[in-house]
Amino acid sequence: MTKQSLDRGFTLLEILLVVAAIAILAGIVIVAINPARQLAETRDAERRSDVEAISSAIIQYQIKNGSLPGTLRSIDDPSCTDKTFNDNYFGICKDVDNCTGISLSSLTASKQFLVTLPIDPSLSDPYFTGYLAWKDSDNRITVCAPLAETATISVTR
């Protein structure tokens with residue numbers, strides 16, 4: 001063997017330095033991307049879409065029938081920050097038989113306004129959708145998502 005063939009290649013120290021640099025860069029990228037925040041924003045985007053769909057369906061129902069769904073309750077000082085909607089008077093039920101909140105089954109009965117009621121993406125509760133709805137004294141409808149993670153999600157029409 002000649003001396004020239006032994007001089008090729010990397011030393012163990014050089015390889016370890018490259019691996020350490022790649023690990024540091026990967027850590028910086030993961031922190032910058034923040035996957036938990038990205039997932040929370042994705043769930044909130046779905047919540048925004050669901051709130052808009054429910055609100056639009058209620059308005060379409062009102063236009064077609066000349067009145068709001070009969071189960072929609074009135075409140076003058078609403079709050080969408082109540083995350084205990086299961087016992088809430090304004091929680092939208094998905095199970096009509098066990099409903100203690102608001103039943104909007106009239107929106108899904110003929111599948112004319114909604115095919116099914118949207119369910120909050122982080123919820124597995126069998127009775128509630130995870131969304132709240134009410135009307136104020138001027139019959140303006142508010143639908144909101146109390147489980148929103150990054151911002152308040154609410155639509156008033």
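Assuming charge only on the beta carbon of Lys and Arg (+1) and of Asp and Glu (-1), the dipole of the stretch 36-157 about its Cα centre is about 380 debye to the nearest 20. Short-range pairs are left out: with C-alpha atoms under 8 Å and at least six residues apart, the relative contact order of the chain is 26 percent. Taking all protein chains into account, the per residue accessible area for the stretch 9-138 stands at 60 Å² (1.4 Å probe).
For Rg and Dmax of the Cα atoms in Å, several values are listed as (i) 15.4, 54; (ii) 14.2, 43; (iii) 26.3, 96; flag the one computed from this structure. Only one option fits the structure, namely (iii).
Against the longest principal axis of the chain, how steep is helix 35-65, in degrees 0 to 90 to the nearest 10, with axes from Cα atoms? Tilt relative to the chain: about 20 degrees.
Positive end of the dipole of the chain (Cβ unit charges, origin at the Cα centre): among 65, 19, 139, the Cα lying farthest that way belongs to 19.
Share of carbon and sulfur in the accessible area of the chain stands at 57%, probe radius 1.4 Å.
The angle between the Cα long axis of helix 12-33 and the main principal axis of the chain comes to about 10°, on a 0 to 90 degree scale. With the simple model of a label 7 Å out from the Cα in the direction of the Cβ, residue 89 to residue 65 spans 2.1 nm. DSSP beta bridges confined to the chain are antiparallel in about 75 percent of cases.
Across the stretch 5-157, how many lysine pairs, 8 or more positions apart or on different chains, have C-alpha atoms separated by under 20 Å? Please give the number. Lysine pairs, 8 or more places apart or on different chains, close enough: 6.
The values are calculated or read from the model by the stated rules, or taken from the named source; none is laboratory data. No experiment lies behind these values; they were computed from the predicted model shown. Please note: Cβ atoms are built from the backbone with ideal geometry, for glycine as well, and neighbour counts cover all protein chains shown. The protein model used for the area step is the full one, side chains on, heavy atoms only, and it has no ligands, DNA or RNA in it. Shrake-Rupley method; radii C 1.70, N 1.55, O 1.52, S 1.80 Å.
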